[in-house]
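See structure below.
The values are calculated or read from the model by the stated rules, or taken from the named source; none is laboratory data. Keep in mind that what you see is a predicted model, and the values were worked out from it rather than measured. Here Cβ is always computed from backbone atoms with ideal geometry, including for glycine, and neighbour counts include all displayed protein chains. Only protein heavy atoms, including side chains, enter the accessible area calculation; ligands, DNA and RNA are left aside. Shrake-Rupley method; radii C 1.70, N 1.55, O 1.52, S 1.80 Å.
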Amino acid sequence: RVQLPPDSIAWYEFTDLLSIAIQGDESAIEPARSAMARSVDEENPQSVLSIPHQEAMLDFLSGDFNRAYERMLSVDEDERLPDHVQKALFAAGMLRDRGKLESVSDQLMRCRARGRLVVSLAEAADAAIAAIDGRPADAVAAFDRALAFDYLELDRAELMALYATLIGREVPEARRVSDAAFETFTRCGALAYIGIFAEGMPPHADQLAAGE
C-alpha cells in the first residue's frame, strides 16, 4: 500500500474542493484555501510558484477581482507565465479598470514566454480596453482575433463570457459567444462562472442552468 506524503494528500483535497467551488458551492472556497496552504512543498519551486495562481482562482471564484489581479502580478517577473497574466486579464476586465488592463498589456510585452497564447491575450486586453472606451466594433474585432487561439475549453468559455459581459448581449456577436459560453459552463458543471459573468449570460441563466 502506497503512503502518500501529507502535502500530496492536501493537494488532492484542494483539487477536489476547487472543483466543488467551480460547480457553484462557495462554502468550499475557504476549506480549499486551507488545503492549498497545507499542500505547499517549500523545497519544490514549482509547488511554491503554483500558489499565487491557485489563490487567484479562489479569489476570482469569490468575486474578489482586485485581490485576484494583485496575486497574479505579485509573481516575480522572471517567473511569470502567460497563465498568470491570463487570470490577471480576466480580473482587470471584470473590474473594467483601464489602468489594470494597460498594465496587463505591458506585462505581456515583457513576458519571457512568447507564442500564440501571448498574442491572443494581448488581443483580448486590447478588446477589453476598446469595450471600456465605448468602441464596440473594435472590441468585437479584437475579441474575435483573440478567440482564434485554441484555448482549453473552460478558459475559452471564460474569455467568451468576458467578451459578452463587456460588450453586451444586444450586440449580435456578443450574444453568440454568450450563448456558447453558457452552454460550456452548463455542460461542464462550472455553474460558478454563470454567476460571476451574470451580466454576459443569457436571460434567466441561473434558472436555465438549474433546469428550472
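General remarks:
- Peptides 189-195, 46-52, ordered by how many other C-beta atoms sit within 10 Å of their residues on average, highest first, read 189-195, 46-52.
- Building the convex hull from the alpha-carbon atoms of region 81-126 and averaging its projection over directions returns 2.6 nm².
- By accessible area, using a 1.4 Å probe on protein heavy atoms only, the chain has 51% of its surface on carbon and sulfur.
- Residue-averaged 222 nm ellipticity for the chain, from DSSP H runs of 4+ at -39500 (n - 2.57), nearest 500: -22500 deg cm²/dmol
- When all protein chains stay in place and ligands, DNA and RNA are ignored, the 1.4 Å accessible-area order of C188, C111, largest first, is C188, C111.
- In summary, the chain shows an alpha-carbon radius of gyration equal to 1.04 times the 2.2 N^0.38 Å reference for compact globular proteins.
- When you work out D = kT/(6 pi eta Rh) for region 13-74 at 10 °C and 1.306 mPa s, using the Kirkwood radius from C-alpha pairs as Rh and the Stokes-Einstein form, the result is 136 µm²/s.
- Descending Cα extents along the principal axes, region 93-173, whole Å: 38, 28, 19
- Unit charges at the beta carbon, dipole of the chain: most positive-side option, V171, S103, I22: V171
- Share of alpha-carbon pairs per 10 Å distance bin for region 34-125, given as whole %: 17, 48, 28, 6
- Accessible area, probe 1.4 Å, largest first, for residues R112, R96: R112, R96
- Inter-part distance where region 1-55 and region 67-119 are each reduced to a Cα centre, Å: 23 Å
- Solvent-accessible area of V75, all protein chains in place: 10 Å² (probe radius 1.4 Å, heavy atoms, ligands and nucleic acids excluded).
- Positive-end residue of L89, I194, G115, charge dipole of the chain with Cβ unit charges: G115
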